[in-house]
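A short worksheet on the structure shown next.
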Amino acid sequence: MAFIQKKVVNTVSESEYIRLSLEGDTAAFEKLVLLYENKILNYCYRMLGNRADAEDATQEVFVKLFRFLESYTGQSAFSTWLFKIASNVCLDYLRKHKRLRTETVSLHQQNDEGDEFLLNIKSDAPTPYETAQKNEAQRALETALLNLGEEQRLVIVLRDVEGLSYEEISRITGLNEGTVKSRINRARRALKKLLEKDRELFLFS
Amino acid sequence: MKKDCELIQNQLSSYIDGMLTVEESETVRKHLAVCSECQKEHDFMCAIVKKAKDLPVICADDALHKAIMQRVLQTKKPVVKRFGGRKLWQTASALVGAAAVLVISIISFNSLPSHPDLTIENPAMVTPVTDASANGKPTGEVTPKTRALPAQETTVTAQTTPEEPVYEEPSSYARTPRNIEAEEKTLIFYFAPDAVLEAAEKLSAYTKDGEGYLIPTEELDAVLVQLKAQNGYLRNEGEFAEQTEKTNVKLVLKAE
């Protein structure tokens, strides 16, 4: 399903969808899902390290959204609130599973004609397209991200991957801006350390 | 110089994000102009930040979207009594009444009070999402056969003591301590008549309670998969109870 990610969500219709959803309109709720499923999936993907877990977590997020929609007060932006739910789902997941499942599995196969090809196990490995596209620096960064502590990874993903402001991150995490600032600083310094051996890749790619 | 560098490098992150004061920024800028070491660190950090921004984005496919909606529509929302009379839990999919159908009745022991006089003030209690066209059904439906067949019910007794589940809800929910009352939610499983006994056999290991069998939540998914995979399974309707900790689910089998 091709999706064009709009940077600016039409906030008028978004609040309409919320209002209708609260009245029991599932079609309206589905519209909300459509508006945010990519963003949430991507966020979970960066937090959890593999698509399968990200998809599970994404479902969990929207189920929680559905159950607790009444709790949304409108004090913060809807996306902020949704990210808060997603953050909690991801952190819970990480604490429960302790071990991340990363996409590293691919098997060498041979077909009937004797051609060798790489069989990527669907749920856990990147598609050939993704593999071709990703360059080394990207992969190094993705790995480094997953080697950060979960609290640090969270703020980095929100800041550098999702592009959210310090203020938004502060609202999502419930931390004050000073703490957000220092946490992002520490996370980035940790990333630098993890990527030290790949320094050249970053500076010249 | 070394000490300065350490201080400066500790500010690079905030500097890059424009989160320093004008004076602090200026100090960093001046230092970077004369210190190649720190300049390198600055450039490296910038490169990492940029790379993170440019990480590929993955997109939800149709299958995921459908899975999301299916789970959402299966989610139970508590019902509040507004106009008098006890309103039963409603399902997101259409309920079809039939004289002799295979019924999986789910009784969930959860922390939601089933007191009929809930008021709207409690934000936890709202009208459920009901949509007759909602897609809560699995794929691969088979048109049910004649409904004239009598129901073959397995009636049982024995009530097990429900456990008290612990619910962690957002603080806007005011959960009062409650007596656990079973809320009956009906999940209808349609089986061909000759398949009912086989289905019942699958559940024979479980404790019986009234009309149905008590299935622990953690085994529920496996049981339902088994039932759905069985020959003679036709379709199901209704929805699953919200999976909370320590919830038991009651299945009742009937034949169509």
Of the numbered conditions (1) within 17 Å of the chain's Cα centre (by Cα); (2) at pLDDT 95 or above; (3) away from chain B (no Cβ under 12 Å); (4) within 25 Å of B:I8 (Cβ to Cβ), A:G149 satisfies every one except a single condition; which is it? (2)
Of the numbered conditions (1) at pLDDT below 95; (2) surrounded by 15 or more Cβ atoms within 10 Å (Cβ to Cβ), A:Q75 satisfies every one except a single condition; which is it? (2)
Filter result for the condition that a residue is modelled with pLDDT of 50 or more and either facing another protein chain (nearest Cβ under 10 Å) or in contact with a strand residue (DSSP E or B) (Cβ under 8 Å, 6 or more places away or on another chain) (or both), over B:V34, B:V101, B:V129, B:V72: B:V72
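If you scan region A:127-139, which residues turn out to be more than 9 Å from every other protein chain (Cβ to nearest Cβ) and either modelled with pLDDT of 95 or more or in a helix (DSSP H, G or I) (or both)? Reasoning before the result, please.
Just the residues of region A:127-139 that are more than 9 Å from every other protein chain (Cβ to nearest Cβ), to begin with: A:127-129, A:131-132, A:135-136, A:139.
Hits for region A:127-139 are A:P128, A:Y129, A:T131, A:A132, A:E136, A:R139.
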Any idea which of (1) facing another protein chain (nearest Cβ under 7 Å); (2) at pLDDT 95 or above is the one B:E24 doesn't satisfy? (1)
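When residues of region A:33-50 are filtered for being farther than 19 Å from A:H97 by Cα and in contact (Cβ under 8 Å) with a residue 40 or more places away in the chain, how many remain? Quick ask: steps written out before the conclusion?
Within region A:33-50, the subset farther than 19 Å from A:H97 by Cα is A:33-40, A:42.
Remaining after also requiring in contact (Cβ under 8 Å) with a residue 40 or more places away in the chain: A:36, A:39-40, A:42.
The number of residues fulfilling the criteria is 4.
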Suppose the filter is of a type in the set (D, E) and at pLDDT below 95; does A:E37 pass it? no
Subset of region A:169-205 [farther than 19 Å from B:L20 by Cβ and among the charged types (D, E, K, R)]: A:R171, A:K193, A:E196, A:K197, A:D198, A:R199, A:E200
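The values are calculated or read from the model by the stated rules, or taken from the named source; none is laboratory data. This structure is a prediction, so every number in the text was calculated from the model and none was measured. As a convention, Cβ positions derive from the backbone with ideal geometry for all residues, glycine included, and neighbour counts pool all protein chains shown.
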